[in-house]
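Chemist: Please read through the structure below; I'll follow up with questions.
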Amino acid sequence: MALPPGVLGSATTHMTAPGSTPATPTRRGTELTLLGFVLGLVVLAFVLISENQSQSIKPEILLYIAGYAVLFGVAHLAVRKFAPYADPLILPCAAMLNGLSIAMLYRLDPPLAEIAFSGGNGYSNAAPKQLIWTGLSLLAMIAVLWLIKDHRTLSRYGYTFGLAGLVLLVLPGVLPCSISCVAGAKLWIIIGPVSIQPGEFAKVLIILFVAAFLVSKRDLFTIAGRKFVGLELPRPRDMGPLLIAWAVAILVLMIEKELGASLMFFGTVLAMLYLATERSSWVWIGIVLFMGGATVADRLFTHVQTRVANWVDPFADAQGDGYQMVQSLFSLGSGGIAGAGLGGGHPELVPVINSDFIVAAFGEELGFIGLAAMIMVYMLLAMRGLRSGLAVRDTFGKLLAGGLSFLLMWQIFVVIGGISKLIPQTGLTAPFLSAGGSSLLASYIMVALLLRISDAARRPQASRPKPQAPIAEASTVLVERPT
Amino acid sequence: MPELVLQLTRAGFLALLWLFVLAALRVVRSDIYAASGLRVAVPGGFRKGGKQLAKGKTAKQLVVTHGALTGTRISLDGRPILIGRADDSTLVLDDDFASTRHARLSLRGSDWYVEDLGSTNGTYLDRAKVTAPLRVPLGAPIRIGKTVIELRT
């Protein structure tokens, strides 16, 4: 009588497939398997780099690999303990991008040090620093998971987060240039050997604020406003938060000479407004405001004009202002479809290759095939965030997950669009990839929030019992009396 | 490492990158059935039933636990069970909310599956509406109109 399982109809097999049984498995095993896969990738990356650079396998790569394995092993155990039902893809995706980043920085260190020494400058290796920052960031992630047992408690501190975010944004602008200027951009706070970019944390805080604000005021936005040329305009007093967000974005742009950060805030706030209200009029208003703001910025600031000029034709001044853009295009171009192989190219010729332009290094050494895979991993990460937002039951969690996922995707678009000359280049870091502690720390705090929300979304309701009518009395919807 | 091996490892690395993406997509695919947050309610007996089945315990009888026919038992011999208001059904329901041919229980392998036959008011396995054939664990209530049945050993 017993048939082999494969004989069952395909419509029924999904009920018995592992991972889809309605008993809500925690899926930590899947996460561990994927992390193991990622570790294999990172080991292979280090071996390839070492072989290509010195024709031998250096023992020091063992230190990096061991450090990396220990850090993510601890992170996995922490997720098992603090967020057992979290999404199984979020951590491995972040780990993969982060691991490739450490490998790439390790690969870039020797040629960059050579360039620095020949110019008479000092150079400190970026790869060990990145590994240490990865450890600190994972600690921060674990701390967030440990402290925040329920993401809804965050919605109570909306205004506090908003204020803190604004202060962090404005801080480098008002501090003297000696402790806030790096390469012409006033984005930093430098205390001794530690330099942090407060804007990276401000973006997470602002998203928390906007989510909490929209949840408390959501009804106001959905009240029909005046109609104007077929467009439903919201009432002026409901426009307040958007106008404030816009003003802050422009303020940051003016004080800190940074187009990227303002674009980030503006786009994310707009996306969250759209998520909360489902009104396309916000998008149109946003586009009009952005056009206005961009035109004004182009008139007022010379560095914005330079970047637009570099975007239109970088070869017009290939040895001057367009140099970085041109080198980046050459780097991507020489990579081609399959890339030069890790350690096989010359990405060090692109200025600031290890932070803003690191994607160009991956493009050169892994080619279109490899870079496309990495973009897929980013998209998977954002997709899992959005899915957690769909699945979680509270509005605050939905908006927060939506905002964080949108920010990730938006930042990747602006960064990769910038280095490939699709849009004017902005000085933004690629999350998880670029060298730099602030960016990494902020990215892992975002990952922690997404893990927390996905844990709340997948946690079986049995832990929070909901009164249900006995099965026999449960409502049967009478559509039509049968004849 | 010889040059050839190096080139092969290089290609292998790119292949592994995509293999990771595919592995991740497989995880995504296995989630699709639990569509955007509309999770199937979790009956306590679900997993337990699966374990019992694994031990080789198959359902021996069908018991009506609620409704006009409460207490009715039908022993299962492997032939499909038709449930509805039609006179030739195995379990004839006198229930205003049931359709003429409402649902069918059938044995595949060692598991029983419930299938809705296009009824007006639907068949529910525990609290989830049955849209495709679903495996019925032991003790999980199947609701048809005001009647609730379950499988027992």
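The values are calculated or read from the model by the stated rules, or taken from the named source; none is laboratory data. Computed from a predicted structure; not experimentally measured. Ideal geometry is used to build each Cβ from the backbone, glycine not excepted, and the neighbour counts take in all protein chains shown. Only protein heavy atoms, including side chains, enter the accessible area calculation; ligands, DNA and RNA are left aside. Shrake-Rupley method; radii C 1.70, N 1.55, O 1.52, S 1.80 Å.
Chemist: Only protein chains counted, 1.4 angstrom probe. Which residues of the stretch B:129-152 are at least 30 Å² less accessible in the assembly than when their chain is isolated?
Modeler: B:PRO133, B:LEU134, B:ARG135, B:ARG143, B:LYS146
Chemist: Apply the Karplus parameterisation 6.51 cos²θ - 1.76 cosθ + 1.60, with θ equal to phi minus 60°, to every residue of the stretch A:344-361 and state each ³J(HN,Hα) to the nearest whole Hz, in sequence, with x for glycine and proline.
Modeler: For the stretch A:344-361, the Karplus-derived couplings read x, x, 10, x, 5, 6, 7, x, 6, 4, 8, 10, 5, 9, 4, 4, 5, 5 Hz, x marking Gly and Pro.
Chemist: For the stretch A:31-41, what does the Karplus curve 6.51 cos²θ - 1.76 cosθ + 1.60, with θ = phi - 60°, yield as ³J(HN,Hα) per residue in whole Hz, taken in order and with x for Gly and Pro?
Modeler: So the Karplus estimates, Gly and Pro as x, are 4, 5, 4, 5, 5, x, 4, 4, 4, x, 4 Hz.
Chemist: What accessible surface, in Å², does a 1.4 Å probe find on B:VAL63, ignoring ligands, DNA and RNA and rounding to the nearest 10?
Modeler: Its accessible surface works out to 10 Å², give or take rounding.
Chemist: In whole Hz, what ³J(HN,Hα) sequence does the stretch A:295-306 give by Karplus (6.51, -1.76, 1.60; θ = phi - 60°), x for Gly and Pro?
Modeler: 5, 4, 4, 5, 5, 7, 10, 5, 5, 5, 4, 4
Chemist: Okay, moving on. Below 11 angstrom from the Cβ of A:MET264, what's the summed charge of the other residues (Lys, Arg +1; Asp, Glu -1)? Mind showing how you got there, number by number?
Modeler: Details: positive: A:LYS203; negative: A:GLU200, A:GLU258.
Summing Lys/Arg as +1 and Asp/Glu as -1 gives -1.
Chemist: How large, in Å, is the stretch A:312-356 by the Kirkwood hydrodynamic radius built from its alpha-carbon pairs? Mind dumping the intermediate values first?
Modeler: Details: mean 1/r = 0.0895 Å⁻¹.
Here the Kirkwood hydrodynamic radius works out to 11.2 Å.
Chemist: Further question: Which whole number gives the average count of other chain Cβ atoms within 10 Å of the Cβ atoms across peptide A:57-63? Can you show the working numbers first?
Modeler: Working: counts 1, 0, 0, 0, 0, 0, 0.
Per-residue shielding by partner chains comes out at 0.
Chemist: Measure off 7 Å from each Cα along the Cα-to-Cβ vector at A:THR302 and A:ILE148, then give the distance between these two points in nanometres to one decimal.
Modeler: So the label points at A:THR302 and A:ILE148 sit 4.3 nm apart.
Chemist: What is the packing order of peptides B:101-114, A:48-61, taking the mean over residues of other C-beta atoms within 10 Å and listing the highest first?
Modeler: Numbers: B:101-114: 20.6, A:48-61: 15.7.
So the peptides B:101-114, A:48-61, ranked by packing, come out B:101-114, A:48-61.
Chemist: Amide H of A:ILE423: which non-local residues (sequence gap of 5 or more, or other chain) have their own amide H closer than 5 Å, using H built in the peptide plane?
Modeler: Residues meeting the amide H criterion: A:GLY418.
Chemist: Counting just the Cα atoms, what span does the stretch B:61-152 cover along each of its three principal axes? Round to the nearest Å and put the largest first.
Modeler: 33, 26, 23
Chemist: Going through the cross-link list A:LYS217/A:LYS398; A:LYS58/A:LYS129; A:LYS398/A:LYS421, which pairs have a Cα-Cα distance over 22 Å in this structure?
Modeler: Details: A:LYS217/A:LYS398 15 Å; A:LYS58/A:LYS129 19 Å; A:LYS398/A:LYS421 34 Å.
Correct reply: A:LYS398/A:LYS421.
Chemist: Quick one: which residues, 5 or more positions from B:THR120 or on another chain, have an amide H under 5 Å from its amide H? H modelled 1.01 Å from N in the peptide plane, none for Pro or chain starts.
Modeler: B:SER99
Chemist: Still on this structure, I have one more. Give me the percent of the accessible area of the stretch B:61-152 that comes from carbon and sulfur atoms, probe 1.4 Å, all protein chains in place.
Modeler: The nonpolar share, carbon plus sulfur, comes to 45 percent.
Chemist: Sort A:ARG80, B:ARG79 by heavy-atom solvent-accessible area, probe 1.4 angstrom, most to least. Don't skip to the end; give the middle numbers.
Modeler: Numbers: A:ARG80 100, B:ARG79 160 Å².
Sorted by accessible area, descending: B:ARG79, A:ARG80.
Chemist: Continuing with this model, one more query. Give the shape of the stretch A:25-459 as rounded, prolate or oblate, defined through the alpha-carbon gyration tensor: a ≥ b ≥ c are the square roots of its eigenvalues, a/c under 1.5 means rounded, and otherwise the shape is prolate if a/b is larger than b/c and oblate if not. If you can, show how the numbers build up before the last one.
Modeler: Working: a/c = 1.80, a/b = 1.21, b/c = 1.49.
Since a/c reaches 1.5 but b/c is at least a/b, the shape of the stretch A:25-459 is classed as oblate.
Chemist: 5 Å is the cut-off here: which amide hydrogens, built 1.01 Å from N in the peptide plane, fall below it relative to B:GLY109, excluding neighbours closer than 5 in sequence?
Modeler: Amide H to amide H, under 5 Å and 5 or more residues apart or across chains, B:GLY109 pairs with A:LEU3.
Chemist: A further question follows. What does the structure give for A:367-375 when I average, per residue, the other chain Cβ atoms found within 10 Å of the residue Cβ?
Modeler: Details: counts 2, 1, 5, 5, 1, 4, 9, 2, 1.
Partner Cβ neighbours, averaged per residue: 3.
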